[in-house]
1. Return the total of residues in the stretch 67-81 being part of a helix (DSSP H, G or I) and within 14 Å of Thr145 (Cβ to Cβ).
2. Report the residue count in the stretch 36-54 for those that are surrounded by fewer than 18 Cβ atoms within 10 Å (Cβ to Cβ) and either among the basic types (Lys, Arg) or over 18 Å from Gly114 (Cβ atoms) (or both).
3. Of the residues Phe100, Phe115, only one is of a type outside the set (Val, Ile, Thr), out of contact with any Cys (no Cβ under 8 Å at 6 or more places or on another chain) and part of a loop (DSSP other than H, G, I, E, B); which?
4. Is there any pair with a first residue in the stretch 133-154 that is assigned to a loop (DSSP other than H, G, I, E, B) and a second that is basic (Lys, Arg) whose Cβ atoms are under 8 Å apart and which are 6 or more apart or on different chains, and what are they?
5. Taking the stretch 98-111 on its own, how many of its residues are surrounded by fewer than 20 Cβ atoms within 10 Å (Cβ to Cβ) and under 8 Å from the mean Cα position of the chain (by Cα)?
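A short reminder: the numbers here are calculations on the coordinates, not readings from a lab. Only a predicted model underlies this, so the values are computations on that prediction, with no experimental measurement involved. Note that we place each Cβ from the backbone using ideal geometry, even for glycine, and neighbour counts take in every protein chain shown.
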Amino acid sequence: MNGICALTLQDVFNAAWNVTRRGRVWPCLAFWVLAACGRTSAPTNIGVCWRTAGGSASQPKFAVVAKDVASLNDCAALLEAYHLQGARTSNGAYQGYFIFVDDSEVASATQADGFHYPIFQPSQRREIDGDLSRLIKERAGKPLTTSDVAVERQ
């Protein structure tokens, strides 16, 4: 895919034009492939919670927060713990979904620039934050693990 993504829009246009002149109709496929090149995907590893660790907004780099994480909610809670410990934003990913954590929301999206779906409603977030703050205090600020966090939906 990297070889195709290295092509310029003009290269793709020229190739599409040459193929179209010969009576072929698949050139629009080339444009879809090229359009997909710019999209960043969240890591899809099963059960792995990731945190963004640098890179750009369009090409973030990810670092493992925890393995054997049971759900998107649990990963979001682990990222919320980073936020409570002072990280202004603590975005991450879980099984192909981006997770966004900041002062105003804990949300997920399938694309980095896509619509953010709330993971926790404000009342749920307050309750989770209370439990996380207690755990952080008990652990003297050490990072939480998957055994520390299990979000239950009611």
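1. First, pick out the residues of the stretch 67-81 that are part of a helix (DSSP H, G or I): 72-81.
After this cut, where a residue has to be within 14 Å of Thr145 (Cβ to Cβ) as well, the list is 74-75, 77-79, 81.
Here the count works out to 6.
2. So the first thing to find is which residues in the stretch 36-54 are surrounded by fewer than 18 Cβ atoms within 10 Å (Cβ to Cβ), and the list is 36-41, 43-47, 53-54.
Applying the additional criterion that residues be either among the basic types (Lys, Arg) or over 18 Å from Gly114 (Cβ atoms) (or both) yields 39, 45-47, 53-54.
Looking only at that region, the number is 6.
3. Working: Phe100 fails: part of a loop (DSSP other than H, G, I, E, B).
On inspection, the qualifying residue turns out to be Phe115.
4. Thr146/Lys67; Asp148/Arg139
5. Filtering the stretch 98-111 for residues surrounded by fewer than 20 Cβ atoms within 10 Å (Cβ to Cβ) gives 102-105, 107, 109-111.
Next cut, under 8 Å from the mean Cα position of the chain (by Cα) only: 109-111.
So the count comes out to 3.
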